[in-house]
Amino acid sequence: MTIHVIGAGLLILAGGLFAKNKTAALKSNLTMLASLASSLQVMLSEIQVNLTPIGEILEMLSAFGAPCSRRFFQEVSDQFTAQGAPYLEQCWNTAVDRCCAGLSDEEQRAMRTLGEVLGRYGVDEECAAISRCVSELNTGHTQLRRRYSADVRLYTGLGLTAGCILAIVLL
């Protein structure tokens, strides 16, 4: 009987851990969206005001950008340095695949579209593409933030309820 009670407790704990992991992933996505949008705003300013080359912007954002997006820009910067300007889109897309897996399809598509434009077109086109991407990321952030508390309650209730149901079946 003691083993059943311990097993039941572990199942409830597992349900709670499921909820904790899901809510941590939601929080991580919120932070990543805000961080990417902030860093892209810096990129936009650098291109518009200073006409800073893309390589320098990538290095700057990988060192001093918003904390959660540094890994993304470090990935792009490292690959860009190794492969060169003709491969910027490929470097960008690889970093999107590796660092932005938690983003929605629309947000990833916006990031990939930006990667297609950077380094290929003039300042105005690059700035317009960055603005569109920032807008898409901000929209995603707003939607996720609105759903966040409801999703936290959902995952917590679902995880603990599933753990309790399994515990009852076990007993």
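In summary, residue 132 fulfils each of the numbered conditions (1) without any contact (Cβ under 8 Å) to a residue 60 or more places away in the chain; (2) in contact with a helix residue (DSSP H, G or I) (Cβ under 6 Å, 6 or more places away or on another chain); (3) over 18 Å from residue 55 (Cβ atoms) with the single exception of condition (2).
Yes/no per residue for (1) under 20 Å from the mean Cα position of the chain (by Cα); (2) at pLDDT 85 or above; (3) small (Gly, Ala, Ser):
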{"position": "119", "(1), (2), (3)": "no, no, yes"}
{"position": "131", "(1), (2), (3)": "yes, yes, yes"}
{"position": "139", "(1), (2), (3)": "yes, yes, no"}
{"position": "156", "(1), (2), (3)": "no, no, no"}
{"position": "159", "(1), (2), (3)": "no, no, yes"}
{"position": "168", "(1), (2), (3)": "no, no, no"}
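On the stretch given as the range 90-140, residues that are more than 18 Å from residue 35 (Cα to Cα), of a type in the set (Gly, Ala, Ser) and open to solvent by less than 50 Å² (accessible area, probe 1.4 Å) total 2. Might you check whether a residue that is under 19 Å from the mean Cα position of the chain (by Cα) and surrounded by fewer than 14 Cβ atoms within 10 Å (Cβ to Cβ) occurs anywhere in the range 69-76? No, there is no match, as no residue in the range 69-76 is under 19 Å from the mean Cα position of the chain (by Cα) and surrounded by fewer than 14 Cβ atoms within 10 Å (Cβ to Cβ). Can you confirm whether the range 11-24 contains a residue that is at pLDDT below 80, under 14 Å from the mean Cα position of the chain (by Cα) and not polar (S, T, N, Q)? Yes, some residue in the range 11-24 is at pLDDT below 80, under 14 Å from the mean Cα position of the chain (by Cα) and not polar (S, T, N, Q).
The values are calculated or read from the model by the stated rules, or taken from the named source; none is laboratory data. As the structure is a computational prediction, the values presented were derived from the model and not from experiment. Cβ coordinates were reconstructed from backbone atoms using ideal geometry, including for glycine residues, and neighbour counts include every protein chain displayed. Accessible surface is based on the protein model in full, side chains and every heavy atom, while ligands, DNA and RNA are left aside. Shrake-Rupley method; radii C 1.70, N 1.55, O 1.52, S 1.80 Å.
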